[in-house]
Amino acid sequence: MGCWGYQILCDDIALDALADLLESDVPEQAISDFLDGMIEEPEEYDAEQYALVAAAAVDASLHGMELAFWDEDEENEDLATLRELLDGLELSDLRGKAAEALRLILSEHSELRQLWEENADEYPAWQKNITDLYSRLTEA
């Protein structure tokens, strides 16, 4: 796992997902496709990372960007681009799909979760980050 922190954008595959999202001509469709990929192919690390980035993008669009989305010690010009991109999107119709993807990521069958469980020190922070994200997406 090319990962250096519990935040969502602290993983090589997650950064690939971010780059793919930023390069997309239709970002709403890319986000939806990332979520569909996870729901259709659960328990696959790359699909889970892509869905996690997509779910976080939906949440950021609806609620603003959380610090747990990225490593605040790392400057990343893609984050400014992402903020601009999300300001112009209406993603509320993807809220349920994003929550379902997170539910699958938090399940015992998730490869991503299983890898995080191996890191006893960081797993609680990672789990709380994903659970908080799920809660924001499912609140009325």
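The values are calculated or read from the model by the stated rules, or taken from the named source; none is laboratory data. Quick caveat, the model's predicted, so the values are computed rather than measured. Positions of Cβ are generated from backbone atoms using ideal geometry, with glycine treated the same way; all protein chains shown enter the neighbour counts. Each accessible area value is taken on the protein alone, full model and side chains, heavy atoms only, with ligands, DNA and RNA left out. Shrake-Rupley method; radii C 1.70, N 1.55, O 1.52, S 1.80 Å.
Could you figure out which of (1) among the hydrophobic types (A, V, I, L, M, F, W, C); (2) under 24 Å from LEU115 (Cα atoms); (3) modelled with pLDDT of 85 or more isn't true of LEU91?
Of the numbered conditions (1) among the hydrophobic types (A, V, I, L, M, F, W, C); (2) under 24 Å from LEU115 (Cα atoms); (3) modelled with pLDDT of 85 or more, the odd one out for LEU91 is (2).
Just to be sure I understand the filter: pairs with C-beta atoms under 9 Å, separated by 6 or more residues or on different chains, first member in region 105-120 and within 19 Å of PHE34 (Cβ to Cβ), second member in a helix (DSSP H, G or I) and open to solvent by 40 Å² or more (accessible area, probe 1.4 Å). Which pairs pass?
If the second residue must be in a helix (DSSP H, G or I) and open to solvent by 40 Å² or more (accessible area, probe 1.4 Å), the pairs left are ILE105/ARG113; ILE105/TYR134; LEU106/ARG113; LEU106/GLN127; LEU106/THR131; LEU106/TYR134; SER107/ARG113; ARG113/GLN127.
What are the residues in region 8-61 that are open to solvent by 50 Å² or more (accessible area, probe 1.4 Å) and within 17 Å of ARG95 (Cβ to Cβ), if any?
Within region 8-61, GLU28, GLN29, ASP33, ILE39 meet the criteria.
Residue pairs, Cβ under 9 Å, 6 or more apart or interchain, first in region 1-20 and at pLDDT below 90, second of a type in the set (Lys, Arg). List them.
Listed pairs, sorted by first residue: TYR6/LYS128.
Identify all residues within region 90-137 that are under 27 Å from GLN29 (Cβ atoms), open to solvent by 60 Å² or more (accessible area, probe 1.4 Å) and touching a Phe, Trp or Tyr at 6+ places or on another chain (Cβ under 6 Å); write none if there are none.
GLU111, the sole residue that qualifies.
Of everything in region 73-89, what is open to solvent by less than 60 Å² (accessible area, probe 1.4 Å) and part of a loop (DSSP other than H, G, I, E, B)? Give them in sequence order.
ASN76, LEU89
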